[in-house]
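Chemist: Structure in structure tokens, see below.
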Amino acid sequence: GESARANNFSLYDYSKKTNPKLEKQNIISLKNTTSTTTYTTASIHSMLSHTGAASSSYEILPNYLQKQGVDVFWRANNWGEPKLSIKEYKSAKELKKICKNKECSYDGVLLAGLKKQINSSKKDKIFLVLHTEGSHGPLYYKKYPKTFEKFTPVCKSVDLANCTNEELVNAYDNSILYTDHFLNNTINELKKIKNRAVLLLYISDHGESLGEFSLYLHGTPYSIAPKYQKEIPFLIWKSKEYLKQKKEDKNYVNVKKSYGQDNIFHTVMGAFDMRSNVYNKKLDILRK
């Protein structure tokens, strides 16, 4: 996810219905999740590091999994990834060539040929990353198709201070509404994958300021950044085959007081039933 703040997700009790589709899926929404940093490049590295550090000399998760015999696919409608050594990387520009839906200029492009790519793998284990453009500002109204402009009026100025707070928040909330649609479509695509246990993790890189304390966007030094730039959504969906193989309840999670981007590496390893000296069971949020 990109620039998504938990405060504006109705899954997290936001008053406006920004997650109408995900609310109908079997979603686990982890509260009290914070980002490691307030900017994209460092937060992505933090998600992919076993230490949770924004910068590390250790191998990142995709490269590590690839060496362990996992097929790793990365699809990007954004930028800021660390150096990847994986089987296949596809940019939005490449995916547009095979995209046939009406959302080829938005994050929906990441779903083009998705099922075919997954089914093409001969490996038992696949790690797939969809790096979305999400709600990156300042032009939030350009992050979603016109049909998702439910909350109006919206801000269409690059100078956010020229918009009313209502216009700014409406434009941002529409981008979250589209994220809800995109994740719902992703889950529906994954439901079509037969005879595979599938786990989906969604987490944002950082949050976003929408005028609170006269701050906008993100990137404020972490020590003084408001909670809106730090508090992020962390969602989990498990397929029926996953629940069957793991003998796990659909709502099961290892309950903790707080969650973070450092949980990603170890939860993915746990889902793959992989163990090594870098695996930390305490950070695996699905470990029983």
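The values are calculated or read from the model by the stated rules, or taken from the named source; none is laboratory data. Every value quoted in this text rests on a predicted model; they were computed, and no experiment measured them. Neighbour counts are summed over all protein chains in view; Cβ atoms, including those assigned to glycine, are modelled from backbone coordinates with ideal geometry. These area figures cover heavy atoms from the full protein model, side chains too; ligands, DNA and RNA do not enter into them. Shrake-Rupley method; radii C 1.70, N 1.55, O 1.52, S 1.80 Å.
Chemist: When only residues in the stretch 161-179 that are farther than 22 Å from Tyr12 by Cβ, assigned to a helix (DSSP H, G or I) and out of contact with any Pro (no Cβ under 8 Å at 6 or more places or on another chain) count, which is modelled with the lowest pLDDT?
Modeler: Looking at the filtered set, the residue picked out is Ala161.
Chemist: Looking at the stretch 1-18, I want the residues that are without any contact (Cβ under 8 Å) to a residue 12 or more places away in the chain and within 17 Å of Gln229 (Cβ to Cβ) and have a partner that is open to solvent by less than 10 Å² (accessible area, probe 1.4 Å) and of a type outside the set (A, V, I, L, M, F, W, C) with Cβ atoms under 6 Å, at least 6 apart or on another chain. Which pairs are those?
Modeler: Here the result reads Tyr14/Asn8, each pair linking the stretch 1-18 to a residue that is open to solvent by less than 10 Å² (accessible area, probe 1.4 Å) and of a type outside the set (A, V, I, L, M, F, W, C).
Chemist: May I ask you to say which residue of Ser204, Ser258 is surrounded by fewer than 21 Cβ atoms within 10 Å (Cβ to Cβ) and of a type outside the set (Phe, Trp, Tyr)?
Modeler: Residue meeting the stated conditions: Ser258.
Chemist: Let me ask something additional. Determine the pairs where a residue that is among the β-branched types (Val, Ile, Thr), located within the stretch 207-220, has a partner that is part of a strand (DSSP E or B) with Cβ atoms under 9 Å apart, the partner being 6 or more residues away or on another chain.
Modeler: Thr220/Ser209
Chemist: Could you please let me know if Tyr202 is at pLDDT 95 or above, farther than 30 Å from Gln68 by Cβ and either in contact with a Pro (Cβ under 8 Å, 6 or more places away or on another chain) or aromatic (Phe, Trp, Tyr) (or both)?
Modeler: no
Chemist: Continuing with this model, one more query. I'm trying to understand the selection: among the residues of the stretch 71-116, which are buried (at least 21 other Cβ atoms within 10 Å of the Cβ) and of a type in the set (Val, Ile, Thr)?
Modeler: Selection gives Val72, Val109.
Chemist: Let me ask you something else. Being open to solvent by less than 50 Å² (accessible area, probe 1.4 Å), in a loop (DSSP other than H, G, I, E, B) and either in contact (Cβ under 8 Å) with a residue 60 or more places away in the chain or not polar (S, T, N, Q) (or both) is true for just one of Ile193, Ile224. Which residue is that?
Modeler: Just one listed residue meets the conditions, Ile193.
Chemist: If a residue has to be within 22 Å of the chain's Cα centre (by Cα) and surrounded by 22 or more Cβ atoms within 10 Å (Cβ to Cβ) to count, how many in the stretch 137-169 make the cut?
Modeler: Number satisfying all stated conditions: 4.
Chemist: Here's a follow-up. Any idea how many residues of the stretch 202-221 are assigned to a strand (DSSP E or B) and over 21 Å from the mean Cα position of the chain (by Cα)?
Modeler: 1
Chemist: Continuing with the same structure: Have a look at Lys31, Lys96 and point out the one that is in contact with a helix residue (DSSP H, G or I) (Cβ under 9 Å, 6 or more places away or on another chain), under 19 Å from Lys116 (Cβ atoms) and in contact (Cβ under 8 Å) with a residue 12 or more places away in the chain.
Modeler: Lys96
Chemist: Follow-up. Output the number of residues of the stretch 135-160 satisfying the condition of being at pLDDT below 95 and not in a loop (DSSP other than H, G, I, E, B).
Modeler: 1
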